[in-house]
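Heads up: the structure comes next, in structure tokens.
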Amino acid sequence: MGENPINTSSVLNKKDGHNSGPGYETADVLGVPVALIAQTEIIHFIQKSIEENKKGWITGINGHALNLAYKSVWLKDFYHHAILNCSEGMGVVIAAFLSGVDIPRRIIWHRWIYVLLDMFEKNDYSLFLLGGTDEVGTKAVERIHTLYPKLRITGHRNGYDDMTHPDDVLEAIERTKPDVVFVALGMPKQEEWIYRNSDKLDAKLFFPVGALIDYLSEVKKRCPRWMTSMGIEWIYRLFTEPRKVRRRYLLGNPLLIWRSLVYFVKRMRKKI
């Protein structure tokens, strides 16, 4: 992907307030606005956003996201125009600390998502899933319906063959009129898809969710709770998915620390 492959004018010049930027007080972490919001407030904020017909995207920021946004103009714009950027990974907490910024405790998506789905069911919000294979998507839908039988899932499209027919995907989503779309295409493809297409659809909120559909389907096993609690789930992924994530963590983690320190020094020099 190029440095700025997206014509963002149609997204950033909205006059109706859509995609108008963070809906919460934020802290600057490596140039990305991370919301200063407690975990207990996030669900209420999302519910309120849907009820008020806000349109845009809500993201979880991890160390990989910070590294990608550091060198990508369009991705940094994407995060700056999110309704909410939540602190997701331990890398964000560390980067914030090294940058002299205090942020709330991170959320853990593959646990927290069940609280979100419960809220969707109780409020009769509908959901569309985009990403994963057909088999994984079917298993994810079945499991969600087992846990939340009244939750309306309006459809699923896979993140492989279906993406070669982008207009068909948009038509499928628009036809079913979901309130929320989970986009699981991997980073930064999912962010680019949302950036390009969210203004073409009537859905209210879009979530880039990475491998979430794999976790919901239980095709991919979750990290042991004790490792997640210690913030070292990256080690688990490094051993279980070495070819996929070794560059992200073995090179990305030290790079993130270095960039955070440099960013902190630059900020201090500006204050002198």
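Tabulated results
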item: DSSP beta bridges in the chain [antiparallel fraction, %, rounded to 5]; result: 15
item: Cα shape, the stretch 157-272, gyration tensor, a/c 1.5 rule; result: oblate
item: Between the stretch 47-110 and the stretch 223-260, the Cα center-to-center distance that results, in Å; result: 18
item: Restricting the stretch 107-189 to trypsin sites (Lys or Arg not before Pro) in coil, as DSSP defines it, with at most 14 other Cβ within 10 Å; result: 150
item: The chain: most fluctuating residue of 59, 164, 228 per GNM, C-alpha cutoff 10 Å; result: 164
item: Dipole moment magnitude, nearest 20 debye, the stretch 12-271 about Cα centre, only Lys, Arg, Asp, Glu C-beta charged; result: 1240
item: Net +/- balance of residues flanking residue 258 in space, Cβ distance below 14 Å, scoring K and R +1, D and E -1; result: +3
item: Mean residue ellipticity (222 nm) of the chain, computed from DSSP H runs ≥ 4 via -39,500 (n - 2.57), nearest 500; result: -14500 deg cm²/dmol
item: The chain, relative contact order in percent, only Cα pairs under 8 angstrom and at least six apart counted; result: 21
item: Exposure proxy ranking, count of Cβ atoms within 10 Å, fewest first, for 245, 115; result: 115, 245
item: Kirkwood Rh, angstrom, the stretch 12-271 [1 / mean 1/r, Cα pairs]; result: 18.9
item: Of 173, 30, 44, farthest towards positive along the dipole that unit charges on Lys, Arg, Asp, Glu beta carbons give the chain; result: 30
item: Only Lys, Arg (+1) and Asp, Glu (-1) charged, at Cβ; the stretch 231-272 dipole about Cα centre in debye; result: 360
item: Among 210, 100, 91: highest mean-square fluctuation, GNM of the chain, C-alpha pairs under 10 Å; result: 100
item: Helix runs (DSSP H) in the chain reaching 18 Å along axis by Cα, Kyte-Doolittle at least -0.5; result: 39-51, 109-122, 134-147, 252-271
item: The chain: most fluctuating residue of 195, 70, 79 per GNM, C-alpha cutoff 10 Å; result: 70
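Since every read-out is calculated from the coordinates, none of them should be taken as a lab result. In this text, all values refer to a predicted model and were calculated from it rather than measured experimentally. Please note: Cβ atoms are built from the backbone with ideal geometry, for glycine as well, and neighbour counts cover all protein chains shown.
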